[in-house]
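The values are calculated or read from the model by the stated rules, or taken from the named source; none is laboratory data. It should be emphasised that the depicted structure is a prediction, and the values quoted were computed from it without experimental measurement. Glycine gets a Cβ as well: all are built from the backbone with ideal geometry, and neighbour counts include every protein chain shown.
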Amino acid sequence: MADPPPARPPCPPAAPAATTIAEIVTRMTARWRTLQRARDWRAVFAKTYLRTTERILAATRRPGHFENPAWMVQLDCNFAGRYFRAIDCWDAGGACPLPWVVAFQGAQQKRTLVLQDMLLGMNAHINYDLPYALDATIPPGLSLAALAPYMRDHLRMNRLLARTVNAVEQAAGAYDPLLDVGNWLLGPSAAQSTAQLIEIWRERSWAHFLLLRDGSPRDAADRLIEGTAHEYALLLLQLQHVIPGIYWPNRLYRDSIGWLRGWF
């Protein structure tokens, strides 16, 4: 009989939960700078997530932007905490959800393009983390009518995220100017495609949140949520099979030229 796989060390204790989005921005900035100094490819998603959260902070401070701004703050803090937990568990050698494993492993092995680093992080965070963040912050036992205001704010967030796509792509473009060239050539359609993808993922996350609430067996719902996000992650890696010769030029660029210019 084969020996069982070695047990992974436990994840480190979770950091105290943040209570404001300003605090989240401060923590994200420190984490991004740490990754940047270490020339860690995960800095790409860290920076794009930071830019997104800065826009969310500004929106929650505008009166009337959300019906329930207090919930949006609570949701954002819970949501970001799940990303912090995933990256801390990975760094400690602990067990991570499969979509985060794909994202972190791709960056660690240096086989990903900048665009993939950004999208792999978005996929794991939206398709895996978001349903659980919604479940943790929306009161249980609500009727569909009582859920409607939360759904409306969820949709408002979709529109806000669509308006932040250009800023997010500019943040990623700092690590690969070819992204900026591609966005310039494609024009508004590039940002629109990214916004549509985020909207589709967020719609599915809301549906998976409802699945967590409808009395279905929890283990089946958990498998579906993790499996869906994992399948998306594997699909995002397929670009290497379409253009296999891009691996070494991409790695050379990101490890040498990018480092010399101070991007990593």
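Say whether the condition of being closer than 21 Å to residue 114 by Cβ and either of a type in the set (D, E, K, R) or touching a residue at least 12 places away in the same chain (Cβ under 8 Å) (or both) is met by at least one residue in the stretch 62-85.
The answer is yes, given that some residue of the stretch 62-85 is closer than 21 Å to residue 114 by Cβ and either of a type in the set (D, E, K, R) or touching a residue at least 12 places away in the same chain (Cβ under 8 Å) (or both).
Please determine whether any residue of the stretch 118-130 is of a type in the set (A, V, I, L, M, F, W, C) and surrounded by fewer than 22 Cβ atoms within 10 Å (Cβ to Cβ).
No, every residue in the stretch 118-130 fails to be of a type in the set (A, V, I, L, M, F, W, C) and surrounded by fewer than 22 Cβ atoms within 10 Å (Cβ to Cβ).
Those residues that are of a type in the set (A, V, I, L, M) and not in a helix (DSSP H, G or I), I need them from the stretch 74-105; list them, please.
Passing the criteria: 92, 95.
Could you count how many residues in the stretch 28-54 are outside any loop (DSSP other than H, G, I, E, B) and buried (at least 17 other Cβ atoms within 10 Å of the Cβ)?
Residues in the stretch 28-54 being outside any loop (DSSP other than H, G, I, E, B) and buried (at least 17 other Cβ atoms within 10 Å of the Cβ): 17 in total.
Picking from 84, 66, 104, which residue would you name as being crowded, with 17+ Cβ neighbours inside 10 Å and in contact with an Asp or Glu (Cβ under 6 Å, 6 or more places away or on another chain)?
66 is the lone residue from the list that is crowded, with 17+ Cβ neighbours inside 10 Å and in contact with an Asp or Glu (Cβ under 6 Å, 6 or more places away or on another chain).
Can you pull out the residues in the stretch 52-106 that are touching a helix residue (DSSP H, G or I) at 6+ places or on another chain (Cβ under 8 Å) and of a type in the set (Asp, Glu)?
Selection gives 54, 67, 76.
Starting from residues that are at pLDDT 95 or above and farther than 18 Å from residue 160 by Cβ, keep the ones in the stretch 186-217 and report whichever is surrounded by the fewest Cβ atoms within 10 Å (Cβ to Cβ).
207
Against the definition (among the aliphatic types (A, V, I, L, M), surrounded by 13 or more Cβ atoms within 10 Å (Cβ to Cβ), over 28 Å from residue 37 (Cβ atoms) and at pLDDT below 95), how does residue 229 come out, yes or no?
no
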